[in-house]
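Down below is the structure, laid out as structure tokens.
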Amino acid sequence: MNGHDPYAYLKDVLARLPTQRASEITELLPQNWQQPTSRYGQRAPQSFKILCRYIEALQKQHVTV
């Protein structure tokens with residue numbers, strides 16, 4: 001995965017995909033992707049941020065989703 005953490009990459013791409021401009025879609029390819037500065041990505045909708053927090057809480061409790 002070009003030296004990227006697959007989980008972080010997929011999580012960020014799925015968060016950014018709904019709002020990513022078509023002309024900038026190549027930014028989401030693994031070879032062009034850069035990890036965002038914020039924890040959940042700069043463009044992630046609020047509902048996705050809540051879902052990510054929920055999944056992380058479940059992972060801390062070792063629950064499989």
Report summary line: Filter segment 13-33 for residues that are in a loop (DSSP other than H, G, I, E, B) and without any contact (Cβ under 8 Å) to a residue 12 or more places away in the chain; the one that is farthest from GLY3 (Cα to Cα) is ARG21
Report task. Could you grab the pairs with beta carbons closer than 9 Å, sequence gap of 6+ or different chains, first residue in segment 44-65 and on the phi < 0 side of the Ramachandran plot and of a type outside the set (D, E, K, R), second one in a helix (DSSP H, G or I) and at pLDDT below 80? Result -> ALA44/CYS52
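The values are calculated or read from the model by the stated rules, or taken from the named source; none is laboratory data. Given the structure is predicted, the values throughout are model-derived calculations rather than measurements. Note: ideal-geometry Cβ built from the backbone for every residue, glycine included; neighbour counts use all protein chains shown.
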